[in-house]
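These notes are about the structure you will find just below.
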Amino acid sequence: MRRIATALSAAALAATLGACSQGGSPAGPDNNAGDNAGSSITDISSLVNAAKTNMDEKKTVTVTFEGTGPLAQLYTSMKCQVDAAAEAMGCSGGPSEMVVTAEGIFMKSPEMAQLAGGGPSKPWLKMPANDETAQQFGELGKISDFEAMLPPGSTITSTAEEQVNGKDATRYEITTNLQEAASAATTDAQKQGFKLMLDSGVTEIKQTVWVDSDKLPLQVKMTTPAMNIQGQQIPETTLTVHYSDWGKPVTITAPPADQVQEMPSMPGMPG
């Protein structure tokens, strides 16, 4: 069940954090980003392009999560620092600490480390970057890359001007067609997550995105409907992602090698 929840949550993040492209490449940086700054955008490609231009320039961001439902519990109370340029992310405050680097995924869980055979001196477990579960967790790193994490199959259904934490923001209501998103999925983690949701009867995901005048994300709220997976009923899940400190320095460090052990194969792990 842990593996299923991880795949679903990773896919939900990869597929639904914000607006998404209608297929093809977003317009070039000089076509829409400047013209739409500070105003509401009506098509997905323009929103993705405007956001990506400014997000790529900022490179770093801090992200926090809150939500309801069993899948959201994987992320609630977690705080992540993301360095898009280095393709790195460090998370703390959740069920376990986590560091994502080009080498793989490091998770600090003394309980799991003990089950894996390591002692208290090696509380970190490492999954190689090519490991299936590592790829699922790696989808989390796309929370700062609109173009990479937003699949085809989404449409903007409405917009409104609001404030988020005292900042002027534009709210975008978005619906993602999971069948279209699945057809365009490019990673095994995305494909597995979409298939699990579609097989359980979920055909679309609704989300709300708030961006500032520079089209930088301030907040994203997504709702995954209730579903039945392998005979187990999973209630509706809501997950809200808060973005802050765009462009500010972050510190992401892999754990010392003498505190790390390799993650054993998942079939041997409990749950």
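Taken together, the values in this text are just the output of simple stated rules run on the coordinates, not laboratory data. All of these numbers come straight from a predicted model, not from anything done at the bench. Cβ coordinates were reconstructed from backbone atoms using ideal geometry, including for glycine residues, and neighbour counts include every protein chain displayed.
In this simple spin-label model, placing a label point 7 Å from the Cα along the Cα-to-Cβ direction at both Thr68 and Asp214 gives a separation of 3.4 nm.
The slack between Thr42 and Ala102, meaning 0.36 nm per residue of separation minus the straight C-alpha distance, is 18.0 nm.
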